[in-house]
Amino acid sequence: MHILRKEKKYSIEFLFSLALLIEGSVQAFTIPWLRMAYFPFMVFITVFYGLKTIIFLLLLIPFLELVNFMNGEKIIEEITFILSLAVTAGMSLFLKDKMKKTNMLYGNKNNLPESPFSKGGMVAIGDSPRKEGSDEIKSFNNEKVISYYFESMFKPDEEIKELLMAAKNIIFADSVNLFMSSGSSLSFRCSTEESGGIIPSDGGVIYLCIREKKPLILSDISEKKLEVGYLKKDKISSLVAVPVMDGNFPLGVITADSARFHAFSSADSDILQMFSKQLMRILQRERIYPQIYRSHTTLKVLHEESSKLLSSLNMDVIAQSLTDGAYRIAPSEIVFFIAKGQEFEILHHKGLLPREKKISSFKSTLLDMIVKNKEPFYLSDVRHYRSPIMPFKTDNVGSVFVLPLLYEKELLGILALLSEKINALSPYQTELLEVLGNQASTSIANARFHAEIERLAITDGLTGLFNHRHFQERLSLEFSRINRFSEPLSILIIDIDHFKQVNDTYGHPVGDVVLKGVADKIRGTIRNIDISARYGGEELAVILIGTDERGAMNMAERLRKAVMNKTFSEEKSTFNVTISIGISTYTKGIKRKEELIEKADKALYQAKRSGRNRSILWNEISK
């Protein structure tokens, strides 16, 4: 129980039983020197257990020697043996504590020099300290600086820890860790384990990963006795490691380990590579802050600016924070467009007349040039500019600054500032706006990344439909809604006829193609408001919102005929498949959603028993 369930409350019983096994072997085989096994045993357990557990065990071990004490034989030898054992345990605990402190030192970033923006005085890099109330600082307070603003919004250690926890949960790892490249060695940075749970060691397979700049997956580490590159309390049987690359330069390596054999697949490696890219972006931002400070030695504090830009994953909040921040830097009329394929949507605006959110084309406007060049553009005097500035009418515009928001060369959106003044912006302001735009680009990319993770969590990987869990959640939601509004609700349970025969005849890859093909037909036939899901195996399900019994039957027949008319092919032949559909519709007598599912299941069973390739209503078989 102690090993399998990892329950600390069984520690003393477990360890004492091992000590009892050692002493029992000594007595049974009459081999006195076998008692020396106590010493490596005590060293071993100090690695995994604390001081309290070790003391209790040391107090219990003399009871195993009661026979020798009672006989009065070799009492001094027995006392010396117990004391030696205690000294060994003490030394082991001392060395363990030293290693933990060393590990914390490697992972600690608080050893950096005090920031020039720290409390009690703000000093420009390279300058001597000045008091906060000096005349020079008073002049700085009139500048709209952003360095402190971005520093307060960006918390790299927290973001890295959250990403590692997300990766651990998605790929079902025991722990996920980040090691940073430091010359020819690796230093520990962050882990999902508790503090001190990971101890870096020299060499190991993670060094091979970063040296060759390629991911690696190992499934039998404990059997082959391979060196991983770090130590932890639990054993490591499987490992996947992915380098964190900035172009061709390795920043570090992210690892995921498990005590299970063959715990990871290439899909897990691909997921970890997604997280490594996100980590690279965080590390890039972390690295660029000193450059911002050096570039703006006269900048100190950006007064009363919102911190929502980098802390929110909501696109509307990010858009509003961006326009608010841009307005504080350069007061003007501001409009923010978000990319929607080849067109753009007005997501937020400030200082302009209210406009409906709509998709716009930039063709024949100034913005069209920005889309093509993907470079910031400042036109200090637009009075004689021949082409339209915006895809909507603009009056009394004197100058305009357009900033494309890019992330890894992808155009995410465009921020446009329009002023009635000519030469309204200084180079200083445009530079700050570009920094703000870079941060907004990262925030938008983060929002998209997390939205994709959320989508994967509720989507079946093979068919692209919702998974069973999300189907149940949505059905619960719709079931509670019909109790309030008395709207009709129906569900379809769909089974692919003779699907096992398809797998046996053509192979599982062709079976997967059939499943995806049927799912595509369902997705293309039902309405946008309906919910389709993979119910399990070859069974699919659809929630028909606001649909009564007759409408559900019509939809089921449309689906059945659409699938029946679809042709599938493999190397030597083509074939068709059919589906059977069970239908149930909510009535006032149904109290739980499970009853609705059960009725649809029984209708499906009747459809299969009646010859398959048909749709059957529960109400028809219940009469």
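Give the residue, chosen from 149, 207, that is at pLDDT below 55 and open to solvent by less than 70 Å² (accessible area, probe 1.4 Å).
Criteria check complete, one pass: 149.
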Pair list, Cβ < 6 Å and 6+ apart or interchain, from segment 77-89 residues that are closer than 15 Å to residue 49 by Cβ to residues that are of a type in the set (Ser, Thr, Tyr) and exposed (fewer than 13 other Cβ atoms within 10 Å of the Cβ):
none
By residue number, the members of segment 257-287 that are more than 17 Å from residue 155 (Cα to Cα) and open to solvent by 30 Å² or more (accessible area, probe 1.4 Å) are 259, 260, 261, 262, 265, 266, 267, 270, 271, 273, 274, 277
Residue 550 being open to solvent by 70 Å² or more (accessible area, probe 1.4 Å), touching a residue at least 24 places away in the same chain (Cβ under 8 Å) and part of a helix (DSSP H, G or I):
no
Please verify whether residue 428 is open to solvent by 50 Å² or more (accessible area, probe 1.4 Å), free of Cβ contacts under 8 Å to residues at least 24 places away in the same chain and assigned to a loop (DSSP other than H, G, I, E, B), treating the condition exactly as stated.
no
Does segment 554-565 contain at least one residue that is open to solvent by 40 Å² or more (accessible area, probe 1.4 Å) and on the phi > 0 side of the Ramachandran plot?
no
Quick one: which residue in 412, 465, 425 is in contact with a strand residue (DSSP E or B) (Cβ under 7 Å, 6 or more places away or on another chain) and more than 30 Å from residue 520 (Cβ to Cβ)?
425
Would you please name the residue that is nearest to residue 432 (Cα to Cα), looking only at residues in segment 373-418 that are among the hydroxyl-bearing types (Ser, Thr, Tyr) and assigned to a strand (DSSP E or B)?
378
Kindly indicate the residue of segment 512-528 that is within 13 Å of residue 568 (Cα to Cα) and among the hydrophobic types (A, V, I, L, M, F, W, C) and also most open to solvent (accessible area, probe 1.4 Å) among those meeting that condition.
513
Can you say whether residue 466 is surrounded by 17 or more Cβ atoms within 10 Å (Cβ to Cβ) and within 24 Å of residue 267 (Cβ to Cβ), as far as the supplied structure shows?
yes
Please work out if residue 436 is in a strand (DSSP E or B) and among the aliphatic types (A, V, I, L, M).
no
Any residue in segment 380-391 that is more than 22 Å from residue 427 (Cα to Cα) sitting within a Cβ distance under 9 Å of a residue that is modelled with pLDDT of 85 or more and among the small types (Gly, Ala, Ser)? List the pairs, counting only those 6 or more apart or interchain.
390/416
Taking the residues in segment 214-225 that are at pLDDT below 90 and in contact with a strand residue (DSSP E or B) (Cβ under 7 Å, 6 or more places away or on another chain) as candidates, determine which candidate is most open to solvent (accessible area, probe 1.4 Å).
219
What number of residues within segment 328-377 are farther than 18 Å from residue 409 by Cβ, modelled with pLDDT of 85 or more and open to solvent by 70 Å² or more (accessible area, probe 1.4 Å)?
1
Across segment 477-510, what is the total count of residues that are in contact with a helix residue (DSSP H, G or I) (Cβ under 6 Å, 6 or more places away or on another chain) and open to solvent by 20 Å² or more (accessible area, probe 1.4 Å)?
1
Looking only at segment 447-463, filter to residues that are charged (D, E, K, R) and in a helix (DSSP H, G or I); which one of those is most open to solvent (accessible area, probe 1.4 Å)?
454
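Taking the condition open to solvent by 80 Å² or more (accessible area, probe 1.4 Å), at pLDDT below 85 and among the charged types (D, E, K, R), does residue 300 pass? Write out each step before concluding.
On the way: open to solvent by 80 Å² or more (accessible area, probe 1.4 Å): no; at pLDDT below 85: yes; among the charged types (D, E, K, R): yes.
So residue 300 does not fit the description; no.
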Which of (1) without any contact (Cβ under 8 Å) to a residue 60 or more places away in the chain; (2) closer than 18 Å to residue 543 by Cα; (3) not charged (D, E, K, R) is the odd one out, the single condition residue 615 does not satisfy?
(1)
Answer from 202, 234 - the residue that is open to solvent by 20 Å² or more (accessible area, probe 1.4 Å), charged (D, E, K, R), outside any strand (DSSP E or B) and at pLDDT below 85
202
More than 27 Å from residue 508 (Cα to Cα) and in a helix (DSSP H, G or I) - does that describe any residue in segment 577-585?
no
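Just to be sure I understand, how many residues within segment 588-623 are in a loop (DSSP other than H, G, I, E, B) and loosely packed, with under 14 Cβ neighbours inside 10 Å?
7
The values are calculated or read from the model by the stated rules, or taken from the named source; none is laboratory data. Since the model is a prediction, treat every value here as computed from it, not as a measurement. A quick note on method: Cβ atoms are made from the backbone with ideal geometry, for glycine too, and the neighbour counts reach across all protein chains shown. Ligands, DNA and RNA are excluded from the accessible area calculation, which covers all protein heavy atoms including side chains. Shrake-Rupley method; radii C 1.70, N 1.55, O 1.52, S 1.80 Å.
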